[in-house]
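First up is the structure itself, then whatever we jot down about it.
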Amino acid sequence: MATLSFDEARECVLAKVTEARPTPGVEQAGLLAAAGRVLAERVLADRDYPPFARSVRDGFAVRAADLPGELHVIGEVRAGENSTQEVGAGQAVEIMTGAPMPAGADSVVMVEHTTVDGAKVNVQRTLYAGENVSPQACEARQESVLLEPGRLLGFAEIALLAAGGRTQASVFQKPQVAILATGDEIVEVHETPLSYQIRNSNAQSLAVQVLRAGGCPSILPIARDQYDATRELVERGLQFDLLLLSGGVSAGKYDIVERVLADLGAEFFFDRVLIQPGQPLVFGKAQGKFFFGLPGNPASTMVTFEVFARAAVELLGGQTDPMLPLLQSRLAKDFKQKTGLTRFLPACLSSDGSEVTPLRWQGSGDVPALARSNAFLVTEPDRENWAAGDMIRVLLK
Ligand code: AMP
Ligand code: MG
């Protein structure tokens, strides 16, 4: 079975899901409900943007060739009004931001750059033709493509739909994602754990991450480390668009997830990635559905979802280009690691993003440290030492 580097594994997830992805179903959503959803239609410009040549400043509409000089003010045009005057040589029309340009004028001089004396305006500077004017259709021409399907709708995209008179948009249905935690030691959140048991926190963090990625999470009952029970629940999980398993993929005697999946005819694309946390990580397809076997340590589950499974949820939701933005920030202190793995370590990023401090933690089970962090440091596998002040990659949490 395959062991991949971080980059190779991410590339593999993107390629496999993109290649196989069925087009999701489509539904209608009102503008606010469409925010955060994925556009399912191509949106064309209903008219020119802007629909008329407009001033981008408060000032005077002029002919640039007349400047510098004193001009005769022949009238005024406000935003929301149509301009009726024609500006001739030596003339100007007072104009407000957003108002249509009067005929004859080619530029706007800002009011701050003028001295007004009755019907005269004095301008002691030059302008280039077109200065402070947005020509008709300079942003988009009528019938041109404004948005393509697959686009995640944020505030600017919603503004564009609104500008085009749309009160609804076609969006893709959310992918249904099954979450299956495994482990004999795991109890449900509402249960009282015995001294040697722990609560199922992974199903909750995964559900939050699925929601954030635009999916609809369903938490299945906990699968015990026993073949028949696990198999039954995995089969149930494979009826969803995507199955996320937590735990049971390491080399332990009771880590049976891979065996169950293999018996269900799974094709495995990789089962180990050179990252920390999260080395034993399984990605494959069974009965036509993709699955991830995420390692059960909470940090491993969170990180492997974020850097691999998240992209799969986004692609299954119809998004065309899942992103994984790694910022760069300055290390607040020296930092050392063993080479060989790409590491994702809990860290605190300063509020302006300029400085990052690695947090002390006790390893991949340390949920309190994860909750104290607001980011992960991302190391390069072939670098051993960083000094305070060096730039390092950061993944926001
Ligand atoms: P595993 O990957 O099954 O070997 O589990 C690795 C570690 O993660 C063990 O210490 C588990 O107790 C812990 N763990 C596994 N599943 C969960 C879960 N659903 N919630 C919280 N911790 C878990
Ligand atoms: Mg386990």
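Bear in mind these aren't lab numbers, they're just calculated from the coordinates by the rules spelled out. Note that the structure is predicted; figures quoted are calculated from it, not measured. Neighbour counts run over all protein chains shown; Cβ positions are idealised from the backbone, glycine included.
State all residues of region 148-185 that are more than 16 Å from ligand 1 (Cβ to nearest atom) and of a type in the set (G, A, S); if no residue qualifies, say none.
Within region 148-185, the first condition is being more than 16 Å from ligand 1 (Cβ to nearest atom), and the residues that meet it are 148-176.
Correct list: G150, G154, A156, A159, A162, A163, G164, G165, A169, S170.
Looking at L316, L359, L349, which is the one that is under 24 Å from the mean Cα position of the chain (by Cα), farther than 30 Å from A20 by Cα and in contact (Cβ under 8 Å) with a residue 12 or more places away in the chain?
On the way: L316 fails: farther than 30 Å from A20 by Cα; L359 fails: under 24 Å from the mean Cα position of the chain (by Cα).
The conditions single out L349.
For region 237-284: of the residues being touching a residue at least 40 places away in the same chain (Cβ under 8 Å) and acidic (D, E), which is farthest from A207 (Cα to Cα)?
Per the criteria, the residue is D271.
Looking only at region 362-389, which residues are part of a helix (DSSP H, G or I), in contact (Cβ under 8 Å) with a residue 40 or more places away in the chain and in contact with a strand residue (DSSP E or B) (Cβ under 9 Å, 6 or more places away or on another chain)?
Within region 362-389, the subset part of a helix (DSSP H, G or I) is 367-372.
Cutting the leftovers down to in contact (Cβ under 8 Å) with a residue 40 or more places away in the chain gives us 367, 370.
Correct list: L370 only.
Within region 164-194, can you find the residues that are outside any loop (DSSP other than H, G, I, E, B), in contact (Cβ under 8 Å) with a residue 40 or more places away in the chain and within 16 Å of ligand 2 (Cβ to nearest atom)? Break it down stepwise before answering.
Of region 164-194, the ones outside any loop (DSSP other than H, G, I, E, B) are 168-172, 176-182, 186-187.
When the remaining residues are screened for being in contact (Cβ under 8 Å) with a residue 40 or more places away in the chain, the result is 168-172, 176-182, 186.
Correct list: I179, L180, A181, T182, I186.
So if I check each of L261, L242, which one is closer than 15 Å to A178 by Cβ and away from ligand 2 (no atom under 16 Å from the Cβ)?
Details: L261 fails: away from ligand 2 (no atom under 16 Å from the Cβ).
So the residue among L261, L242 that is closer than 15 Å to A178 by Cβ and away from ligand 2 (no atom under 16 Å from the Cβ) is L242.
Would you pick out the residues in region 9-28 that are farther than 15 Å from L242 by Cα and surrounded by 17 or more Cβ atoms within 10 Å (Cβ to Cβ)?
A9, R10, C12
Identify the residue in region 243-270 that is in a loop (DSSP other than H, G, I, E, B) and in contact with a Ser or Thr (Cβ under 8 Å, 6 or more places away or on another chain) and, among all such residues, is farthest from ligand 1 (Cβ to nearest atom). Full working, then the answer.
So in region 243-270, the residues in a loop (DSSP other than H, G, I, E, B) come out as 247-256, 264-266.
Filter again for in contact with a Ser or Thr (Cβ under 8 Å, 6 or more places away or on another chain), leaving 247-248, 256.
On the way: G247: 3, G248: 5, I256: 10 Å.
Residue satisfying both the conditions and the ranking: I256.
Counting just the residues of region 281-313 that are of a type outside the set (A, V, I, L, M, F, W, C) and in a helix (DSSP H, G or I), which one comes out farthest from E8 (Cα to Cα)?
P298
Output the residues belonging to region 186-213 that are within 19 Å of the chain's Cα centre (by Cα) and either near ligand 1 (Cβ under 9 Å from one of its atoms) or surrounded by fewer than 22 Cβ atoms within 10 Å (Cβ to Cβ) (or both).
Going through region 186-213, the residues within 19 Å of the chain's Cα centre (by Cα) turn out to be 205-213.
Answer for region 186-213, where residues must be within 19 Å of the chain's Cα centre (by Cα) and either near ligand 1 (Cβ under 9 Å from one of its atoms) or surrounded by fewer than 22 Cβ atoms within 10 Å (Cβ to Cβ) (or both): S205, L206, A207, V208, Q209, L211, R212.
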